[in-house]
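Quick notes on the structure that follows.
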Amino acid sequence: MVFKIQMKRFTAGLFTIAMSSLLVVACSANKSTDSEIYDPLENVNRTTLKVNEAIDKAVLEPVAKGYRFVTPQAGRTLISNFLRNLNSPTVIGNELLQGDLEGAGNATARVIINTLAGFGGILDLAAEGGIEHQPEDFGQTLATWGVGDGMYVVLPLFGPSTLRDASGRLVDRYTDPLRMYLSNIDEDELRYARIGSEIISQREGLLEVINDLRRNSFDYYAAIRSAYYQNRQSLINDSNGSATIPSYDEF
Amino acid sequence: MNKVFIKFSFLLSVALIIVPTEIEASAVNGLLDKNPTINYNLVVTDNGQKAQSFIDNMGQQAISFLSNKSLSQSQKEREFRKLLKSSFDMKTIARFAMGRHWKTASAKQQAEYLQLFEKMVVSAYTERFNEYRGENIDVTSSRADGSRDIIVSSNIVPSAGSKIKVDWRVRKNKSGTYKIIDVIIEGVSMSLTQRSDFSSVIQRGGGDVEVLLRHLRK
């Protein structure tokens with residue numbers, strides 16, 4: 001018992017340090033191998049990535065491939081539409097927090113149209129009508145508030161992230177009304193089913209991308225780190241309404 | 001302040017370390033989230049129009065050999081090389097990918113690198129010809145970027161499933177022809193990712209360009 005409490009204290013302390021460095025790092029310009037990216041834990045991150053890769057190759061990737069094999073594209077689209085629709089409260093909330101009223105309006109219109117006319121969200125009729133999905137999360141919200149990336153981290157199982165995005169992920173998870181509802185009514189199976197199908201559905205969508213990065217990079221770690229940052233930057237910029245093309249500076 | 005901090009960080013640590021059973025996303029969550037809507041201010045200049053039709057033509061050319069079932073793999077490879085030569089500025093792309101290390105390379109290394117780079121690109125894409133499933137390209141808009149470049153936006157539309165947003169960085173060279181110098185898929189620049197990869201290899205190899213060349217020769 002005492003040991004447990006001490007462990008908790010230890011991890012809490014560890015994360016206090018981590019979080020404080022988030023604030024410090026946000027203003028510092030100390031960059032490493034990739035000129036844009038602050039990655040002081042590179043060695044730890046590389047090890048975590050290796051472990052994640054082993055797990056992915058043993059479990060996730062085969063499951064995602066199996067899912068693709070048994071489910072036709074049309075069915076997979078229905079499933080990913082449905083899961084995406086379930087995530088709407090988070091999207092709407094974050095649009096509001098970012099002060100993006102138009103985005104919040106679009107996301108609200110989407111969930112109404114797709115839930116009512118799209119058979120509970122399995123059809124994305126809103127997108128066909130021109131209101132397309134815009135991914136939002138609390139990490140992006142923090143970024144629009146001016147919080148820097150902190151530093152790059154590879155989370156066990158979750159994969160590439162930053163201190164900011166990892167914190168954002170937690171906030172999103174614990175404020176998700178559907179998650180709260182399901183846990184309040186003790187429907188843990190449904191909750192896990194949702195999480196599980198999200199993982200498989202997303203992994204299936206990334207089969208080619210990951211395969212490509214694995215096959216065509218010499219340093220997979222560096223390639224995936226760069227791709228993660230660029231993609232996040234483009235998502236963050238979208239919500240500001242500005243363009244998203246990385247600059248092409250030559251040396 | 002400190003207490004709040006500890007509480008917050010404690011929550012974080014509990015969620016990240018003690019309850020890792022709830023896995024919410026795949027290894028690369030959001031790396032390729034489909035369909036982000038991007039509204040560029042349309043810059044419909046004369047150059048923009050030309051660049052758009054250049055990308056459209058290039059896309060149709062690619063589709064025509066990819067979808068041609070009577071072509072053998074090696075014939076497709078020949079067509080692909082032709083397309084690379086006519087539509088891509090491979091030298092600029094290759095130089096960009098090496099970044100600041102380009103200058104430290106000897107002339108001999110540079111020449112070998114340019115050759116190996118093209119070979120790498122061809123072999124990477126040749127492997128993927130049979131992944132073509134009837135996708136179409138839909139050029140949507142263009143805008144100027146800096147004084148030299150035009151970004152042409154497009155969607156790659158599969159016969160089923162979500163479309164993918166692809167932007168093309170196009171540069172007009174001195175003879176007035178357009179060439180692609182970067183492909184940006186869902187906000188991820190292929191050139192920039194390549195450069196991160198290469199520079200990490202070189203840096204971890206002690207700053208020696210030869211280390212990268214050794215990888216490329218394999």
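Quick notes
- Exactly one residue among A:Tyr181, A:Tyr174, A:Tyr152 is hydroxyl-bearing (Ser, Thr, Tyr) and touching a Phe, Trp or Tyr at 6+ places or on another chain (Cβ under 9 Å), and that residue is A:Tyr152.
- When segment A:119-152 is limited to residues that are in contact with a Pro (Cβ under 8 Å, 6 or more places away or on another chain) and within 20 Å of A:Asp39 (Cα to Cα), the one that is surrounded by the fewest Cβ atoms within 10 Å (Cβ to Cβ) turns out to be A:Tyr152.
- A:Ile131 more than 27 Å from A:Tyr221 (Cβ to Cβ) and either within 9 Å of another protein chain (Cβ to nearest Cβ) or touching a Phe, Trp or Tyr at 6+ places or on another chain (Cβ under 7 Å) (or both): yes
- Any hit, segment A:163-186, residues being within 29 Å of A:Ala58 (Cα to Cα) and not in a helix (DSSP H, G or I): no
The rows are residues; the columns are (1) part of a helix (DSSP H, G or I); (2) modelled with pLDDT of 95 or more; (3) within 30 Å of B:Ala160 (Cβ to Cβ); (4) not aromatic (Phe, Trp, Tyr).
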| site | (1), (2), (3), (4) |
| --- | --- |
| A:Met7 | yes, no, no, yes |
| A:Thr11 | yes, no, no, yes |
| A:Ser21 | yes, no, no, yes |
| A:Pro40 | no, yes, no, yes |
| A:Lys57 | yes, yes, yes, yes |
| A:Phe69 | yes, yes, yes, no |
| A:Ala74 | yes, no, yes, yes |
| A:Val91 | yes, yes, yes, yes |
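- Residues being among the small types (Gly, Ala, Ser), part of a helix (DSSP H, G or I) and more than 16 Å from the chain's Cα centre (by Cα) - total across segment B:88-108: 1
- Residue in segment A:148-207 that is nearest to A:Ala64 (Cα to Cα), counting only those that are of a type in the set (Asp, Glu) and within 12 Å of another protein chain (Cβ to nearest Cβ): A:Glu204
- Looking across A:Arg203, A:Arg173, A:Arg179, one residue alone is closer than 20 Å to A:Asn52 by Cβ, touching a helix residue (DSSP H, G or I) at 6+ places or on another chain (Cβ under 7 Å) and surrounded by 19 or more Cβ atoms within 10 Å (Cβ to Cβ). It is A:Arg203.
- Scope segment B:116-131; condition closer than 19 Å to B:Met190 by Cα and of a type outside the set (Asp, Glu); matching residues: B:Leu116, B:Phe117, B:Lys119, B:Met120, B:Val121, B:Val122, B:Ser123, B:Ala124, B:Tyr125, B:Thr126, B:Arg128, B:Phe129
The values are calculated or read from the model by the stated rules, or taken from the named source; none is laboratory data. Not measured: the values here are computed from a predicted model. Neighbour counts are summed over all protein chains in view; Cβ atoms, including those assigned to glycine, are modelled from backbone coordinates with ideal geometry.
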